[in-house]
Number of protein chains: 2
Amino acid sequence: MTARRQERPLTTSELAEPRVPRRREVIPEATVARLPLYLRALHALADDATQTISSEALAEAAGVNSAKLRKDLSHLGSYGTRGVGYDVQHLISQISRELGLSRRCSVVLVGVGNLGRALAGYGGFASRGLGIDALLDADRALTGEQIAGLTVRHVDDLAEVVVPGSIGVIATPASAAQTVCDQLVRAGVTSILNFAPTVLTVPAHVDLRKVDLSIELQILSFHEHRKSLAEGVTA
Amino acid sequence: MTARRQERPLTTSELAEPRVPRRREVIPEATVARLPLYLRALHALADDATQTISSEALAEAAGVNSAKLRKDLSHLGSYGTRGVGYDVQHLISQISRELGLSRRCSVVLVGVGNLGRALAGYGGFASRGLGIDALLDADRALTGEQIAGLTVRHVDDLAEVVVPGSIGVIATPASAAQTVCDQLVRAGVTSILNFAPTVLTVPAHVDLRKVDLSIELQILSFHEHRKSLAEGVTA
DNA sequence: ACGCGCTTGTGAACGCGCGCACAAAGTCAG
DNA sequence: CTGACTTTGTGCGCGCGTTCACAAGCGCGT
Ligand SMILES: NC(=O)c1ccc[n+]([C@@H]2O[C@H](COP(=O)([O-])OP(=O)(O)OC[C@H]3O[C@@H](n4cnc5c(N)ncnc54)[C@H](O)[C@@H]3O)[C@@H](O)[C@H]2O)c1
Ligand SMILES: NC(=O)c1ccc[n+]([C@@H]2O[C@H](COP(=O)([O-])OP(=O)(O)OC[C@H]3O[C@@H](n4cnc5c(N)ncnc54)[C@H](O)[C@@H]3O)[C@@H](O)[C@H]2O)c1
């Protein structure tokens, strides 16, 4: 069916935009956050040798509303066929390209403690495009140690392992996080993922995301607390 | 101003429900997600023996807009003094109470692998209110092992360790996540934090949150990719 | 006692994101 | 070729969340 598409005559719009991915449209943050979700579902489908999938079915697999899915995908251009659905392989490559996963992206991890080791040994993101390339720690006792096939280097060597486009991951104690963050920025890192429970300050051109497990638990605690209060009222 | 509200004639709906704890105002999700952030900043202030703090300063410490902070706090009642600010200790106890952290909340962790061990040994949330109380795994070889002062039990014993109000944490491979999730729900758990990269299905009365490191990295990858494209254009 | 300056609490405007619902566009059978 | 059926792409209204801006409230110095 992909072949068939090439048989029909070209429309004017196609002649107007010959090849370039001219869809440099701004993609909403909310959409960007869901693209990895779709990608995961699509990979599962591809493993099952599924050729095409409807927005309804893919939305089900990704756990989102189908209209939302279609709108999301429309932001990267129109890649669906009405009456049929989306070509799984094509969609995978489009989303991967948009996320910048086509060429391998370097990740440097600072802080090889409990959490850092777990992350280093995790193959979950290594599977596609992303993988940790360097482990760094301030503890001289750890320097040289082999973890998950990588040699731990001293954090002072940061500048040597960072390449343009590298993503930095901070898994140090909170007290050291801002210092490490500054070092990363100075080394040229413009995207940072922070696991330490602290507010980090970065220059405007640096993207900063954080993961805080404690906060997640507290949010759940809140709802749990609310439920127990509700029970008290109804009882 | 709360007083003023009482001066105006009561509406029919208010007459209809006279006695409800109407201080039990619905707190927006976005606010709930920030309360732990404020709490963390407040604890740091308390350690420095700070008595009171203005919304401006606290907002700075928490990394949010001060107007947003004030509006958030106003949802749990008015606890600030104009011209002075908020009493740190009082605010800590108010937020803790609202989050249900006053009495200790039980957490059961299923899946004692790389990530599970890191979480088990983590003291970050144990410090206040939340702490892991039970470790469970399907691997008989792990049963009985001591980790972070807790004895690993078999996942079949789940119902024995769950108490009303327990929070469940899933750190198993994705393939086992839904099964474990179902077991948790059957044991009476109504709040679940999922680390496995899968979409989980739960009954409507169960709260489900997820943490996906891979997604975080992909989002950063997207922005990094965008930056490199922008450079290409300007260059 | 009284006004001055500081800080809170909130009204109001704005923008974003969500999801319904439907027309357009394509497939497929006969 | 035609008509029925399927699925996409999106216009639109709505509700939530953010932010500005300011009046009301409180402490303090005089
Ligand atoms: N372990 C968890 O499950 C968990 C969960 C949530 C958050 N966190 C957070 O993640 C961070 C790490 O947790 P952890 O349990 O792995 O702690 P950890 O103490 O086991 O490891 C911290 C590592 O960082 C290294 N380090 C310290 N200062 C450094 C510096 N300036 N530069 C480079 N490396 C430095 C230390 O040598 C150590 O190896 C903490 O901020 C913690 O709050 C951990
Ligand atoms: N390690 C990381 O840094 C990391 C990062 C992000 C996400 N994750 C996710 O977290 C999960 C765990 O990761 P990991 O690295 O700890 O994996 P792991 O393989 O090291 O550990 C998984 C553990 O779960 C246990 N298990 C398997 N089936 C079970 C069942 N039905 N009931 C109870 N226990 C069961 C296994 O015995 C094992 O001990 C995975 O889904 C992974 O994708 C891990």
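Read-outs: derived from the displayed coordinates by stated rules, not from any lab. Keep in mind that what you see is a predicted model, and the values were worked out from it rather than measured. Glycine gets a Cβ as well: all are built from the backbone with ideal geometry, and neighbour counts include every protein chain shown.
Key figures for this structure:
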| read-out | value |
| --- | --- |
| Pseudo-label separations to other copies for B:GLY149 - Cα-to-Cβ vector, 7 Å, nm | 3.8 |
| Mean projected area (nm²) of the alpha-carbon convex hull when the range A:82-201 is viewed from all directions | 9.0 |
| Shielding score for A:100-106, defined as the mean number of other chain Cβ atoms within 10 Å | 4 |
| Taking only Cα atoms of the protein assembly as shown, radius of gyration then Dmax in Å | 24.8, 76 |
| Ellipticity estimate at 222 nm from DSSP helix runs (n ≥ 4, -39,500 (n - 2.57)) divided over the protein assembly as shown, nearest 500 | -13500 deg cm²/dmol |
| Kyte-Doolittle mean at least -1.0 and Cα axial length at least 27 Å: DSSP H helices in chain B | B:29-47, B:213-234 |
| Other copies of B:GLY113: label-to-label distances in nm, shortest first, labels 7 Å along the beta-carbon direction | 2.4 |
| Over chain A: Rg over Rh, Cα atoms, Kirkwood Rh | 1.06 |
| Environment charge at B:ARG34 (Cβ cut-off 9 Å; Lys +1, Arg +1, Asp -1, Glu -1) | 0 |
| Antiparallel DSSP beta bridges within the protein assembly as shown, percent to nearest 5 | 20 |
| Per-residue mean of C-beta atoms belonging to partner chains within 10 Å, peptide B:136-144 | 0 |
| Cα centroid separation, the range A:26-94 to the range A:160-235 (Å) | 28 |
| Average beta carbon contacts from partner chains per residue of B:32-41, 10 Å cutoff | 5 |
| Sorted peptide list for A:72-84, B:184-196, criterion being average Cβ within 10 angstrom, highest first | B:184-196, A:72-84 |
| Across the identical copies, how the A:HIS205 labels are spaced - nm, sorted shortest first, 7 Å along Cα→Cβ | 5.5 |
| Share, in percent, of DSSP beta bridges within the range B:116-235 that are antiparallel, nearest 5 | 15 |
| Residue pairs, from the table A:LYS71/A:LYS227; B:LYS71/B:LYS227; A:LYS68/B:LYS210, whose Cα atoms sit over 30 Å apart | A:LYS71/A:LYS227; B:LYS71/B:LYS227 |
| Charge dipole (debye, nearest 20) of the protein assembly as shown; +1 at Cβ of Lys and Arg, -1 at Cβ of Asp and Glu | 1280 |
| Using alpha carbons only: equivalent-ellipsoid semi-axes of the range B:12-98, gyration tensor based, whole Å | 26, 13, 12 |
